[in-house]
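The values are calculated or read from the model by the stated rules, or taken from the named source; none is laboratory data. Since this is a predicted model, take the numbers as computed values, not measurements. Neighbour counts run over all protein chains shown; Cβ positions are idealised from the backbone, glycine included. Each accessible area value is taken on the protein alone, full model and side chains, heavy atoms only, with ligands, DNA and RNA left out. Shrake-Rupley method; radii C 1.70, N 1.55, O 1.52, S 1.80 Å.
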Amino acid sequence: PQSREAAIPALWRCLRSENENVWRRAAQVLPLVCDRRTDVKQQLLRLARRAPSVQTAHAALLSVGFGWTKDEDVGTIARKLRDSDHRGLCLEAIRIRAHRNETDSEDLDRFFATAYQRDRFFSDSFSAPDLAEHFAQHHREAFAQKLETAISEQTGERHHVKSLIGALF
């Protein structure tokens with residue numbers, strides 16, 4: 001218990017890091033270390049609203065979604081943020097909705113537009129494979145149709161086609 005309490009201030013500082021590897025891990029660990037206390041959730045929500053950077057807002061949302069996914073207010077926040085112009089916030093909001101089993105056709109449309117934009121494919125990396133798997137399982141027909149249509153509309157953009165085909169698997 002003492003070690004956990006001592007770790008909490010360090011995790012809060014890490015949430016404000018500009019390094020994604022740092023803030024992402026801190027966001028995942030904080031709910032576990034604090035035993036998903038309500039006061040910590042409220043602090044995270046305040047931090048998300050008054051974040052000094054978009055990375056910090058993203059870290060706070062990830063942490064809330066990781067630790068308090070089932071809470072109604074978190075579901076409401078996710079529903080609103082799925083329309084965010086920030087790619088990370090949008091995908092994190094959809095991820096929360098997926099964990100809550102609340103995704104619908106609007107979530108699928110937002111995910112597809114966000115994850116499979118042409119300018120996202122400057123490398124061989126695959127965007128949000130957990131969400132692609134969710135939509136393949138829970139919205140199979142609509143997801144496959146979107147992928148097939150996008151693939152058929154491609155004209156020689158190798159990286160983009162590879163990512164779309166990868167999502168089919």
Separation between Cα centres of segment 48-105 and segment 1-38, rounded to whole Å: 18 Å
Cβ crowding within 10 Å averaged over residues, with 63-70, 78-85 ranked highest first: 63-70, 78-85
Net charge, ARG110 excluded, C-beta distance under 9 Å - Lys, Arg +1, Asp, Glu -1: -3
Inter-site label distance for SER105 and THR38 at 7 Å from Cα along Cβ, in nm: 3.9 nm
Alpha-carbon gyration tensor eigenvalues x 5, square-rooted, for the chain, Å: 32, 17, 13
Solvent-accessible surface (1.4 angstrom probe) belonging to CYS14, in square angstrom, nearest 10: 50 Å²
The chain: calculated mean residue ellipticity at 222 nm from DSSP helix runs of at least 4, using -39500 (n - 2.57): -22500 deg cm²/dmol
Distance in nm between pseudo-label sites at GLN28 and ALA7 (7 Å out along the Cβ direction from Cα): 1.3 nm
Helix 140-152 vs. the chain, principal-axis angle (Cα, 0 to 90°, nearest 10): 60 degrees
